[in-house]
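The values are calculated or read from the model by the stated rules, or taken from the named source; none is laboratory data. Predicted model only: the values in this text are computed from it and were never measured. Don't worry about glycine lacking a Cβ; one is built from the backbone with ideal geometry, like all the others, and counts go over all protein chains shown. Keep in mind that these areas ignore ligands, DNA and RNA; they rest on the heavy atoms of the full protein, side chains included. Shrake-Rupley method; radii C 1.70, N 1.55, O 1.52, S 1.80 Å.
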Amino acid sequence: MPTIGRFLLRRLLVAVPVLLGILFLTFMLVRIGDQDPVAMLAGPMADAPMLARIRAELMLDQPLLTQFWAYLGRLVQGDLGMSWQGNAKVTHEIATLLPATLELVTLAVGIGALVGVPLGLHAAERPNGWFDQASRFGSLFGFSLPTYWLGLMAIFIFFYLLGWAPAPMGRVSMMVTPPPVVTGSVLIDSILAGNVEAAWSAASQLVLPVGCFAIVATAPIVKHTRAIAIEVMGSDYIRYARACGFPRRVIRRIALRAALVPVITFVGSEFTSLLAAASLIEFVFSWGGLGHWGLNAILLGDFAAVQGYVLTLAIASVIIFALVDLTVMLLEPRARS
Amino acid sequence: MRLLDVQDLHVEFAARGLDNRVRVARALNGVSFTVDAGEIVGLVGETGAGKSLTALAAMGLLRAPARIPQGGIRFEGGDILAMSDRQLEKIRGRRMAMVVQSPLTSLDPLKRVGDQLVRMQRVHGTASGAAARERAEAMLAAVRIPDPKRRMQAWPHELSGGMAQRVLIAMALINEPALVIADEPTTGLDVTVQAQVLDTLRDLVLARNLGALVITHDLGVVAHYCQRVAVMFAGRIVEDGPVAEVFARPAHPYTQALIASTPGRIARIGYTVTGGTPPDLYALPDGCLYRDRCPRATTACLAPPPRVALDDSHGAACHYAERAA
Ligand SMILES: Nc1ncnc2c1ncn2[C@@H]1O[C@H](COP(=O)(O)OP(=O)(O)OP(=O)(O)O)[C@@H](O)[C@H]1O
Ligand code: SF4
Ligand SMILES: [Mg+2]
């Protein structure tokens, strides 16, 4: 469809300046902080000339705009610079770490949608009925519990007290041989490699972080689905459908179909915000994903890594919103014209 | 047997206030009227008079917190108030159909016009498949939509207000109902389109010998399109009769005020007719509800007025109806 091509092109044209703006802000913000990566890189033994040499090597002695311009020059060649914390290329780090985060967030949002959407729809059938009240009370937990606290409590109960869960140490037990990397998801890669032991380990490592994160993901999905469904059920076309004598089953179908688009849009935006929020849960579970890495980069003043992290999140949201809008275009006649 | 026979209909809303006391809004206070096959009855009155509520009740569409403490609604001899949801679903859209006032938002936004007309037939088992599509297209032609074949493929958002209202009329008539209820079917349309839509509705209703209840703010619409009229005030029919008769000899002071405030034969009843506010539905006075605004009120009006028959088809709910007429 030519409409879709035109749509994607327009999206791209809008995305480029937005991404540039985000990049510029990030670039300036990390540099006006009081973190001095040079002292850290040089170590405690460094003398003044050595510090100056490192500073010059990193271009940190140049004006900020010059530095930014140079950064952009390398960026268009696909070079995001070096991460100081691991002494590795930022692009390489992102490529290896992003799948771990995507795995976590996809599962959490997937579970959140599978659980939250039906709950929200059911709650909307009788607003303020007992089920609605109960689900509202339940989602209050998801809203009010801090992610890291939830993670720590889960570790305390299921690992420390009960011993049901494995140690919160990454994505696969250190006792098993990890599978060769194909998709980046240890679970999928283990299954692809036919490595049952690794697959089992990866799955059990996933349970707690995904469980905690799914609680965080579900609460807003329940709340918004409920609100969307109530709005749809109060709409003119549902009232008219009743006046047409349509039976409940037909009316439900009309309502579900109408709620689909706003629910998908919300779940998409939920995905992008959880992508950014993953860092805390990754930190608690030593997940070693992109969020964990990005958080460390911010704490350590690892400039290129922070920029790469923010840029990745921004590009991910651009892609997700484009996908959401494409889906909406397929489902919603008004969006096509 | 009357097609639609509404007798002494009362509707109230009970709501718990902030002080936790239950307050009751008495929205309809004894509404009686009939509609026969082959006639168009106009229902007029100012905002809040209870016109839409009357229509919803007739369709069996009232739901909590609305309550019907008293009264009867018979349609084709059946007792609407005693029917189950299942039974009502079989009647709505099939034997009695509604044309609502916001066509653009009332059509299913995610279904093509033709498919909605087909669904209307399939749900009620009147036709399906190719036959239903054929009927749908013929119906679009009957409501004078140009190029009906192409319009079958249109999405609701591609229609103008007038077109959408014609589609709603097609939806209402496609299952060949006996009664059509149109609640302000032309609000929001510009004047020429209003007339075209109403002409179409009238022609189709009369040609098929249907009964129709047309709710309107507009006395001009009544004068033009209706055979009989019922004037509503504060949840009561204050006057009813043949249009020519009521316009020539209005007996109720409210009807008189309506007509007097009407320039020529075209009148729009705004939010209040002759100044004055509608009575508080939560604290209705005893006696005549029009008392506060009535120039003719006496102490006799502290008692509720009966419907005074002026001749066999014209009547008014006023103690002094005969003297005034
Ligand atoms: N849920 C409710 N609770 C309390 N009162 C209500 C409720 N719904 C309707 N009413 C009252 O019932 C009365 C009749 O309303 P209705 O919609 O039938 O008026 P109407 O004559 O159709 O007015 P309009 O010309 O504005 O359409 C109004 O005064 C309204 O305030
Ligand atoms: S009954 Fe009395 S108050 Fe009511 S309309 Fe007649 S004269 Fe006026
Ligand atoms: Mg109304």
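Can you confirm whether the stretch A:234-241 contains a residue that is more than 24 Å from the chain's Cα centre (by Cα), within 12 Å of chain B (Cβ to nearest Cβ) and open to solvent by 50 Å² or more (accessible area, probe 1.4 Å)? Yes, some residue in the stretch A:234-241 is more than 24 Å from the chain's Cα centre (by Cα), within 12 Å of chain B (Cβ to nearest Cβ) and open to solvent by 50 Å² or more (accessible area, probe 1.4 Å).
From the set of residues in the stretch B:259-290 that are within 16 Å of ligand 2 (Cβ to nearest atom) and aliphatic (A, V, I, L, M), which is modelled with the lowest pLDDT? Filtering the stretch B:259-290 for residues that are within 16 Å of ligand 2 (Cβ to nearest atom) and aliphatic (A, V, I, L, M), the one modelled with the lowest pLDDT comes out as B:Val273. Scan the stretch B:7-16 and tell me whether some residue there is away from chain A (no Cβ under 14 Å), of a type in the set (Asp, Glu), within 16 Å of ligand 2 (Cβ to nearest atom) and within 24 Å of B:Gln227 (Cα to Cα). Within the stretch B:7-16, none of the residues are away from chain A (no Cβ under 14 Å), of a type in the set (Asp, Glu), within 16 Å of ligand 2 (Cβ to nearest atom) and within 24 Å of B:Gln227 (Cα to Cα).
Yes/no per residue for (1) open to solvent by 40 Å² or more (accessible area, probe 1.4 Å); (2) of a type outside the set (Asp, Glu); (3) in contact with a Gly (Cβ under 6 Å, 6 or more places away or on another chain):
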site: B:Glu184; (1), (2), (3): no, no, no
site: B:Val193; (1), (2), (3): no, yes, yes
site: B:Asp218; (1), (2), (3): no, no, no
site: B:Arg228; (1), (2), (3): yes, yes, no
site: B:Ala234; (1), (2), (3): no, yes, no
site: B:Val238; (1), (2), (3): no, yes, no
site: B:Ala244; (1), (2), (3): yes, yes, no
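Where residues in the stretch A:242-271 are within 7 Å of chain B (Cβ to nearest Cβ) and of a type in the set (A, V, I, L, M, F, W, C), which of them is nearest to the chain's Cα centre (by Cα)? Per the criteria, the residue is A:Ala258. Checking each residue in the stretch B:37-73 for being charged (D, E, K, R) and under 29 Å from B:Gln256 (Cα atoms) picks out B:Glu39, B:Glu46, B:Lys51. Which residues, taken from the stretch B:84-116, are part of a strand (DSSP E or B) and free of Cβ contacts under 8 Å to residues at least 40 places away in the same chain? Once the filter is applied, which keeps residues that are part of a strand (DSSP E or B) and free of Cβ contacts under 8 Å to residues at least 40 places away in the same chain, the stretch B:84-116 yields only B:Arg92. The set of residues in the stretch B:38-51 that are surrounded by fewer than 19 Cβ atoms within 10 Å (Cβ to Cβ) and either more than 14 Å from ligand 3 (Cβ to nearest atom) or within 14 Å of chain A (Cβ to nearest Cβ) (or both) contains only B:Gly38.
To keep it simple, each residue is scored yes or no on (1) under 25 Å from A:Leu295 (Cβ atoms); (2) open to solvent by less than 20 Å² (accessible area, probe 1.4 Å); (3) of a type in the set (Gly, Ala, Ser).
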{"position": "A:Leu114", "(1), (2), (3)": "no, no, no"}
{"position": "A:Trp130", "(1), (2), (3)": "no, no, no"}
{"position": "A:Gln133", "(1), (2), (3)": "no, no, no"}
{"position": "A:Gly142", "(1), (2), (3)": "yes, yes, yes"}
{"position": "A:Ile155", "(1), (2), (3)": "yes, no, no"}
{"position": "A:Ser173", "(1), (2), (3)": "yes, no, yes"}
{"position": "A:Ser185", "(1), (2), (3)": "yes, yes, yes"}
{"position": "A:Phe213", "(1), (2), (3)": "yes, yes, no"}
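Here is the figure for the stretch B:294-325: residues that are open to solvent by 50 Å² or more (accessible area, probe 1.4 Å) and either within 16 Å of ligand 3 (Cβ to nearest atom) or assigned to a helix (DSSP H, G or I) (or both) total 4.
May I ask you to verify whether B:Val180 is away from ligand 2 (no atom under 16 Å from the Cβ), closer than 23 Å to B:Met139 by Cβ and buried (at least 22 other Cβ atoms within 10 Å of the Cβ)? Against the criterion (away from ligand 2 (no atom under 16 Å from the Cβ), closer than 23 Å to B:Met139 by Cβ and buried (at least 22 other Cβ atoms within 10 Å of the Cβ)), B:Val180 qualifies.
Among the conditions (1) more than 19 Å from the chain's Cα centre (by Cα); (2) facing chain A (nearest Cβ under 9 Å); (3) open to solvent by less than 20 Å² (accessible area, probe 1.4 Å); (4) not β-branched (Val, Ile, Thr), the only one that B:Met59 does not satisfy is (1). Quick one: in the stretch A:81-112, which of the residues that are in a strand (DSSP E or B) and touching a residue at least 24 places away in the same chain (Cβ under 8 Å) is farthest from the chain's Cα centre (by Cα)? Top of the filtered list is A:Met82. Return yes or no: is B:Met120 part of a helix (DSSP H, G or I), surrounded by 19 or more Cβ atoms within 10 Å (Cβ to Cβ) and within 13 Å of another protein chain (Cβ to nearest Cβ)? Spelling it out, B:Met120 is indeed part of a helix (DSSP H, G or I), surrounded by 19 or more Cβ atoms within 10 Å (Cβ to Cβ) and within 13 Å of another protein chain (Cβ to nearest Cβ).
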